[in-house]
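Student: What follows is a structure written as structure tokens; I'll ask about it next.
Derivation of every value follows stated rules applied to the coordinates shown; laboratory data play no part. Keep in mind that what you see is a predicted model, and the values were worked out from it rather than measured. As a convention, Cβ positions derive from the backbone with ideal geometry for all residues, glycine included, and neighbour counts pool all protein chains shown.
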Amino acid sequence: MTRKVKLLDIAEALDISTGTVHRALHNHMGVSAVTKSRVHQMAKSLGYRPNLAARYLSSKRSLRVSVNTLQGATSFWDEVRQGISEEARALSIENVEIEYRTYPSLGEGEEEAFDAALQAEVDGIITFPSHPQGLQSWMRRATSSGIPVVCVATDAPHSGRLAVVSIDTLASGSLAGDLMGSLLGGMGKVAVTMSAGAITEHAEKCNAFESTLRKLYPTIELAETIEDHDVEVEAYEKCRRLFNTHPDLAGVYVTTEASIPVLNAARDAHMLDRMTVITTDLFPALVPEIRSRAVVATIYQRPRTQGRMAFRVLHEFLMEGECSSFQVTLAPHLVMRGNLDFFLQRQLQESSMEKGARPRSASPDLTAQYFG
């Protein structure tokens, strides 16, 4: 059986965007007669056949996508949303409407945001399922209504979702565990903080971290895991109690971007200078903590790339009627003091290219806000 030809195949053959191919095939304005002729000739040469989904969408005035995510206490979700909007622009699709529905905290307003997207009869949904079990019925309702759902950052198993785009959680947790054990020389007591065990991403990171320590550094003791529900006050207070209970704590692994309250609690308990702290992600407030070695390493989850890939997968399905990958797993980036400046400089350059003529192979992850 031969593989079905997609818009991307035509775009790559002509070195143009899929958006230009889409507009040319459907006789939209803004495409020259020469380009339209080239696209139609290449489509015929490759054996491209438009599907019902593309024909349906071409008859509509616009493609509407709902992006349901946390408001966020750091820049993580801003970067996810930025990646989504960047990918929409990179595809050169003129008739895309992105409706951002943000909720303030885990589980608060999440179902309402999903209901609002369904009521608005959007064409597709990108969502962060912080309570996957609670969202299962909503996601199944969307699927039965012909609205594909792409999860970003974490999965919602058995929900009927189309695809999930996330970081490799097992690699992240295992990397943190091996690094922690090595830095501590295989001795001491460590703890883990997470938002909630019900979130697949966080549970998998924690399990991978703990299993790596048990396997490679069996003499390291594991203290209780802290769930802070992405609330800074709760994270600070619970960590202060953790440090009071375990004054001999040698290390902490923060599985989410909520690391500043953990660092503040350790600093106020006069324990930060003798603890090994490994965090997750990278944002402005964390940069000086890495420079001072208060944080020995952070595992960057590439939020902008996650956003870009989530929109790309959804757009491909809406345009082609197919999904090339139901699970997109990105490799994490390990950032330490030694490669921090190089990492930031590289991301700054790629981000600058995004504003100009960025090659399609590049994938920027940070902006200039991290410099200085």
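Student: With a Förster radius of 25 Å, plug the Cβ-Cβ distance of T102 and E237 into 1/(1 + (r/R0)^6) and report the FRET value to the nearest 0.05. If you can, show how the numbers build up before the last one.
Tutor: Values: r = 25 Å, r/R0 = 1.02.
Efficiency for this residue pair is about 0.45.
Student: Suppose the chain between H246 and H131 were pulled fully straight at 0.36 nm per residue; how much longer would it get relative to their current alpha carbon spacing? Numbers along the way, then the final one.
Tutor: Values: separation 115, 0.36 × 115 = 41.40 nm, distance 3.06 nm.
Value of the extension gain: 38.3 nm.
Student: Can you list residues whose amide H is under 5 Å from L330's amide H, if they're 5+ apart or on another chain and H is modeled 1.01 Å from N?
Tutor: S166, I167, D168
Student: Mind listing the phi-derived Karplus ³J(HN,Hα) values for the stretch 213-228, rounded to whole Hz, using 6.51, -1.76 and 1.60 with θ = phi - 60°, and x for any glycine or proline?
Tutor: Each residue's phi maps through the Karplus curve to give 5, 5, 7, 9, 9, x, 7, 6, 9, 9, 7, 5, 7, 9, 9, 10 Hz.
Student: The stretch 4-24 to the stretch 267-297: how many Å between their Cα centroids?
Tutor: Taking the Cα centre of the stretch 267-297 as reference, the centre of the stretch 4-24 is 46 Å away.
Student: Run the numbers on the stretch 229-330 and let me know its relative contact order in percent, using alpha-carbon pairs under 8 Å that are six or more apart.
Tutor: Numbers: 102 pairs, mean separation 20.7, N = 102.
RCO, the stretch 229-330: 20 percent.
Student: Report, for the chain, the % of DSSP beta bridges that are antiparallel, rounded to 5.
Tutor: Working: 4 of 41 bridges.
Taking every DSSP beta bridge with both residues in the chain, the antiparallel ones total about 10 percent.
Student: If you plug each phi of the stretch 16-21 into the Karplus form 6.51 cos²θ - 1.76 cosθ + 1.60 with θ = phi - 60°, what whole-Hz ³J(HN,Hα) values come out, in order, with x for Gly and Pro?
Tutor: In residue order, the calculated couplings are 10, 7, 5, x, 5, 4 Hz.
Student: Show me, for the stretch 74-82, the HN-Hα J-couplings you get by feeding each phi into the Karplus relation (A = 6.51, B = -1.76, C = 1.60, θ = phi - 60°), rounded to Hz, glycine and proline as x.
Tutor: 10, 7, 4, 6, 4, 6, 4, 5, 5
Student: Looking at (1) 31; (2) 45; (3) 19, which value of percent of Cα pairs over 35 Å apart comes from a calculation on the structure shown?
Tutor: Recomputing percent of Cα pairs over 35 Å apart here picks out (1).
Student: If R0 is 41 Å, what FRET efficiency do you get for A196 and L8 from their C-beta distance, rounded to 0.05? Walk me through the numbers on the way to the answer.
Tutor: Numbers: r = 37 Å, r/R0 = 0.90.
Between A196 and L8 the formula returns 0.65.
Student: Same structure again: Give the angle, between 0 and 90 degrees and rounded to the nearest 10, that separates the Cα long axis of helix 110-119 from the longest principal axis of the Cα atoms of the chain.
Tutor: Around 10 degrees separate the two axes.
Student: Tilt of helix 33-46 relative to the longest C-alpha principal axis of the chain, in degrees (0 to 90, nearest 10)?
Tutor: 80
Student: Tell me, in nm to one decimal, what length is gained between F326 and E121 on full extension, where the rule is 0.36 nm per residue of separation less the Cα-Cα distance?
Tutor: Working: separation 205, 0.36 × 205 = 73.80 nm, distance 2.31 nm.
So the extension gain works out to 71.5 nm.
Student: Next question, about the same structure. By DSSP, what percent of the beta bridges with both residues in the stretch 181-313 are antiparallel, rounded to the nearest 5? Present the calculation step by step, with values, prior to reporting the outcome.
Tutor: Details: 0 of 15 bridges.
Taking every DSSP beta bridge within the stretch 181-313, about 0 percent pair in antiparallel fashion.
Student: Considering only K44, K189, K238, give the residue with the highest GNM mean-square fluctuation for the chain, with springs between Cα atoms whenever their separation is below 10 Å.
Tutor: Of K44, K189, K238, the Gaussian network model singles out K44 as fluctuating most.
Student: Here's a follow-up. Report the label-to-label distance for L170 and R274 in nanometres (one decimal), using points 7 Å from each Cα along the Cα→Cβ vector.
Tutor: The two pseudo-label positions are separated by 3.8 nm.
Student: Using +1 at the C-beta of Lys and Arg and -1 at the C-beta of Asp and Glu, which of G185, L175, H246 has the Cα lying farthest in the positive direction of the dipole of the stretch 163-280?
Tutor: About the Cα centre, the residue reaching furthest to the positive side is G185.
Student: Of the options A331, T212, Q41, report the single residue whose Cα projects farthest towards the positive end of the charge dipole of the chain (beta-carbon charges: Lys, Arg +1; Asp, Glu -1).
Tutor: Q41
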